[in-house]
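Trainee: This structure is in structure tokens; I'll ask about it shortly.
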Number of protein chains: 2
Amino acid sequence: MLKLYSFGPGANSLKPTLALYEKELEFEHKLLNPAKFEHHSEWFKKINPRGQVPALEDRGNIITESTLICEYLEDEHPTDVKLRPDNSFDTAQMRVWTKWVDEYFCWCVSTIGWHRMVGNMVKGLSDAEFEEKLKDIPVHEQRVKWRRAREGFPQEMLDEEMRKIGVSVRRLDDHLADNEWLAGGMYTLADICNFAIANGMQHGFSEMVNGTDTPHLLRWIEQINERPAVKKMFASVPNELKKD
Amino acid sequence: MLKLYSFGPGANSLKPTLALYEKELEFEHKLLNPAKFEHHSEWFKKINPRGQVPALEDRGNIITESTLICEYLEDEHPTDVKLRPDNSFDTAQMRVWTKWVDEYFCWCVSTIGWHRMVGNMVKGLSDAEFEEKLKDIPVHEQRVKWRRAREGFPQEMLDEEMRKIGVSVRRLDDHLADNEWLAGGMYTLADICNFAIANGMQHGFSEMVNGTDTPHLLRWIEQINERPAVKKMFASVPNELKKD
């Protein structure tokens, strides 16, 4: 059976989680606890040496990178529910959007998320404890990010990331003003991968994502949240960031 | 007929050019002159509003993003020559490599290339002439890069990019020590997209890419250069950087 290693349903972990629910594929869900740095543990680095979730296990093979896992599910596990357009041109447009999430949109939102929340996970640690944690992180850029999150990101960097978030929500809203979905006139991986980053911005970035400034983006976020597979997924998969 | 808009056979422009030659697909090749900033001209921004090459025209549709053009050619124009593995797992591994080029490897090499060469294109311009050129560039990040190339990149940035180049060639060499090709045991888009960036480093970065430090990477670069389609392509497509 398929096995997904991920955090709760947000950011990159949300992408394959949602694709699996939409496709109604059976899978075992191994949720890792980011607060315990479980993705940097030795057992998980045997699954993904980069110490990053999500990762998919399929008959002994490990597939990494959230967007590529989604494409893999379409390639290897076709179902009646198609999350990729049937024609090549629309598929290319879908990929322009998934590429853009991975190269631009996810990074600016992520930095602000780390600034606001993730940094708190390590602010209580002593210098020695923190340095010990860093040793477990295999990717240089991730170590730098943890260090910055603990010490505080430079204001110039935060300003630049906020500018990029502004550009991103404008781009999404402009496109969604004339299109129900991002690519190919249907709900695709372009929507899933962008939703994974955009969902929640109506709360956390409500000064930018709201009914006045970005009505089309808000409509699209709400529309995706109303999908049966999305509701089922959020009802089933615990979110470690929500404190009830 | 297919029509490719690109620069000469280097960097991102090389990717679809090489895929088209390998697949022996007929196409019209519209070469743009980077020294004349033709990609920022009004006529080309009607083709790609981002003012970036390469772009592929296929029956009135425009496909952008070099890696996605390559995937599109596999999707829409299958030929006897396959540049993507037949099975989904190997395809996912291929995409890990093409994604890595686009998100990591190409950027560090590009910055040093701009520092060494591209900046010279604008250093002779007056401030007013340069500002006029900048107005034609639609992408904010590209305007920033041109400004930095003209004023000089901060040393800290150049050092960091050189560090990343070191990580990149190590990663390639380690993988190619045990594998003839990057993914799926065959020549794929993973090789084409990485070769597009790595080829030439045996000259321009010979302190890092050489027979002693990276023998496997060098073997792979030479092996690809010996392919009939690659030789034919380099013999046919003029390279604006080479002064004969």
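The values are calculated or read from the model by the stated rules, or taken from the named source; none is laboratory data. Only a predicted model underlies this, so the values are computations on that prediction, with no experimental measurement involved. Methodologically, a virtual Cβ is constructed for each residue, glycine included, from the backbone with ideal geometry; neighbour enumeration extends over all protein chains shown. Remember, those area values only see protein heavy atoms, side chains included, never the ligands or the DNA or RNA. Shrake-Rupley method; radii C 1.70, N 1.55, O 1.52, S 1.80 Å.
Trainee: Just to be sure I understand, how many residues within the stretch A:189-231 are touching a helix residue (DSSP H, G or I) at 6+ places or on another chain (Cβ under 6 Å) and loosely packed, with under 15 Cβ neighbours inside 10 Å?
Mentor: So the answer is 1.
Trainee: Filter the stretch B:117-142 down to residues that are over 27 Å from A:V96 (Cβ atoms) and in contact (Cβ under 8 Å) with a residue 40 or more places away in the chain and give me whichever is most open to solvent (accessible area, probe 1.4 Å).
Mentor: In this case the residue turns out to be B:M117.
Trainee: Which residues, taken from the stretch A:60-95, are of a type in the set (K, R) and assigned to a loop (DSSP other than H, G, I, E, B)?
Mentor: If the condition is that a residue be of a type in the set (K, R) and assigned to a loop (DSSP other than H, G, I, E, B), then A:K82, A:R84 are the ones that fit.
Trainee: In the stretch A:56-93, how many residues are closer than 20 Å to A:W107 by Cβ and not acidic (D, E)?
Mentor: 6
Trainee: Sticking with this one: Show the residue pairs meeting these rules: Cβ distance below 9 Å; 6+ apart or different chains; first residue within the stretch B:1-26 and at positive phi and outside any helix (DSSP H, G or I); second residue polar (S, T, N, Q) and modelled with pLDDT of 95 or more.
Mentor: B:E24/B:T79
Trainee: So, in the stretch B:16-56, how many residues would count as being of a type in the set (D, E) and open to solvent by less than 50 Å² (accessible area, probe 1.4 Å)?
Mentor: Total meeting the criteria: 2.
Trainee: If you don't mind, there's one more thing I want to ask. So the check is Cβ under 6 Å with 6+ separation or different chains; which pairs have a first residue in the stretch B:70-85 that's in contact (Cβ under 8 Å) with a residue 12 or more places away in the chain and a second one that's assigned to a helix (DSSP H, G or I) and basic (K, R)?
Mentor: Filtered contacts from the stretch B:70-85: B:C70/B:K15.
Conditions tested, residue by residue: (1) modelled with pLDDT under 95; (2) more than 14 Å from chain B (Cβ to nearest Cβ).
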{"residue": "A:I69", "(1), (2)": "no, no"}
{"residue": "A:L73", "(1), (2)": "no, no"}
{"residue": "A:W114", "(1), (2)": "yes, yes"}
{"residue": "A:M121", "(1), (2)": "yes, yes"}
{"residue": "A:I137", "(1), (2)": "no, yes"}
{"residue": "A:K164", "(1), (2)": "no, no"}
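Trainee: So which residues in the stretch B:43-67 are facing another protein chain (nearest Cβ under 8 Å) and among the aliphatic types (A, V, I, L, M)?
Mentor: B:I63, the sole residue that qualifies.
Trainee: Output the number of residues of the stretch B:75-110 satisfying the condition of being more than 10 Å from chain A (Cβ to nearest Cβ), in contact with a Lys or Arg (Cβ under 7 Å, 6 or more places away or on another chain) and among the β-branched types (V, I, T).
Mentor: Matching residues across the stretch B:75-110 total 2.
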